[in-house]
Structure formats: structure tokens, C-alpha cells
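Encoded as C-alpha cells, the structure appears first; notes follow it.
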Amino acid sequence: MAEILALVAAFFFALAATLQQKGALGMGEVSLGSPSSFATLAKQKWWLIGTVALLCGYVFQAVALGNGRLAVIQPLLVTTIVFALPLGYFITSQTVGSREILGAAVVVFGLAIFTVVGQAAEGNDNAPTNEWAVAVIAFSVIAALLFYMGGRGPKVRKAALYGASAGVLFGLSASLCKPTVEMLDANGVGGVLESWEFYAFAASGIIAFVVQQLSLATGKLAASVATVSVCNPLVGIVIGTLLLDERLADPAWHKVVAYAGLAVALLGAAVISMSTEGAKEATEGGPAVPVPAT
């Protein structure tokens, strides 16, 4: 059930990204240097509908994390890019070529292997505060560097690097969501409001949301969603494995095959990120700079 909920969340995330991009198209640049651009964006009907879809995705993701393991649930969110391709084609007239279709097929194939073969063993619902502090600082620095590097270059580069920055922060937020949900079950709303995890979860999620809007506003949906879809689960896997002691169940060959399937899925998302968006950028007068989604 947790895996199904994760796939539903991925669909809503893809729908949200597509609708938010539709709302941003044609309204000019959206940037942190112009706060009024965000106010204008918030008035767009399609952007608001997309935000509702995003909130629905968060709810399904939270329930999935409450019933499953972080290192298993988060990788399934790579399917966001698979859902985004047809949605982008029909809603915002994005180009979907043979490389995107091939990449989507590779993602589905890899995740099918990961889901069927990989079974989660026991893990912890939370980690010591000092370990969380190291993780929060490390991934915040990585997200900041990606954001800085995305401030220059053509639109496809900006979309990919801003998307990667948002993906890292979304992964951090999702990781903090798990102990928050567990705390809600154990101690109620009062206990959650007294925990630092809740505020770190909310802050990283809000910042990720803002950065993602900058990525989507470039108009490069595939590059934006692909890098978010790759970086988000990677952060979840790292935190789930190192902090929460989550592992796939034995036998050992199951683990090898499952992680190989996940690697194939991430490769498929990278193929999508580097496909025709670069070609479109070149036709618009600027050099195409393929940006890896890792």
C-alpha cells in the first residue's frame, strides 16, 4: 500500500509541476530579485490549481512515509518524470521525442526491478539530533551551491540546476517528514509543534517550493522535473541508509539486483533531462549545454 501511495504522490507532483509551469508561461521572468513576480505568479489560475495538486502530493507522500521506509518510498518518486512527459505534452505543448520515451521506459523498467526484488528490512524512525544536524547542514550547502551555479548560462542549464537544488531540499524535507509523522502518531499535534524536526521539515520544503518555481519558470519542464526526480530520492536513500539504518532485506543478491534496477531508473531520468530540451535551447539562439541530472 505504501508503494502505491508513493506512485499516486508522484503523479500529483508531476501534475503540479505541469500546471504551475502553465501558469508561469508568458508572464516574464520569475526571480528572487523581483518579489512582485511571485505575487503575480500567485494570481495565475493554473498556478494555483497546480499548488493544490502539489499539496495533495505532499499528503500522499506523508502517508506513504508513515507506512513505509524512506529508502524504499523515495525512489518511487522518480516516476514523477514519467508522468510529467504526457502531462507536459497535452497541457503545455512540451516536445516529447524518442529519447524521452526511451528514458521513461528505462525508468519504469528499473523501478519495476527495484520494487519487485527489493524488500525493506527494519530501520529506525528517527536519528540523534547531532547526526541530523550534520545531514541538514551538508545537504543545505549542496543545494546552495547548485542554486548558485544555476544563476548563469542558458535556460536548460538553469532549469536543471535549480531543479537539482530543489530536489535536494525536497529530499531533505521528505526525510524530516518521516520522524515528524511518527511524532504526530505518538505525541499528537502538541508534540510535533515542540519538535525541531517539524520546523526544519517545513523550512526546507518551503524553500524547495520557491526554488522549483524558478526552475519551472524557465519553461524547460523535462530538465526541471528530471533533476528534481533524481536528487529527491537520492537524498532520501542516503539519509535512510546512513541515519535511519534502513536496509534492503536479505538475500544479498536481492540487494544487488534491486540497487542495479534503481541505478537504471536514475539513468533513464538523466537521459530525459539531457534530451530534446537541449536541442530546443539551441534553436532559440543559445548554445545547448547538456547538464547531467546527478
Practice item. Please report how many Lys pairs in the chain have alpha carbons closer than 12 angstrom, counting only residues at least 8 apart along the chain or sitting on separate chains. Key: 6
Revision key, fill the gap. Measuring from the longest principal axis of the C-alpha atoms of the chain, the long axis of helix 155-193 (C-alpha) lies at a number of degrees, nearest 10, equal to 30 degrees
Practice item. Calculate the length of the line joining the C-alpha centroid of the stretch 161-202 to that of the stretch 85-103, in whole Å. Key: 32 Å
Check your understanding: Assuming R0 = 30 Å, what is the FRET efficiency of Ala203 and Val108, from their Cβ-Cβ distance, to the nearest 0.05?
Key -> 0.35
Check your understanding: Which residues' amide hydrogens lie under 5 Å from the amide hydrogen of Leu248, considering only partners 5 or more residues apart or on another chain, with H built in the peptide plane?
Key -> Ala121
Revision key, fill the gap. Sparse-neighbourhood loop hits (trypsin sites (Lys or Arg not before Pro), the stretch 118-213; DSSP loop; Cβ within 10 Å at most 12 others) -> Arg152
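With runs of 4+ DSSP H residues as the only contributors, calculate the mean residue ellipticity of the chain at 222 nm using -39,500 (n - 2.57) per run, divided by the residue total and rounded to the nearest 500. Write down the numbers at each step before the final one.
Numbers: 12 runs with 223 residues, N = 294.
That calculation yields -26000 deg cm²/dmol at 222 nm.
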Point to revise | Cα centroid separation - the stretch 134-156 against the stretch 20-77, whole Å | key: 19 Å
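No lab work stands behind these numbers, since they all come straight from the coordinates. Predicted model, so just to flag it, every value in this text is computed and none were measured. Note: ideal-geometry Cβ built from the backbone for every residue, glycine included; neighbour counts use all protein chains shown.
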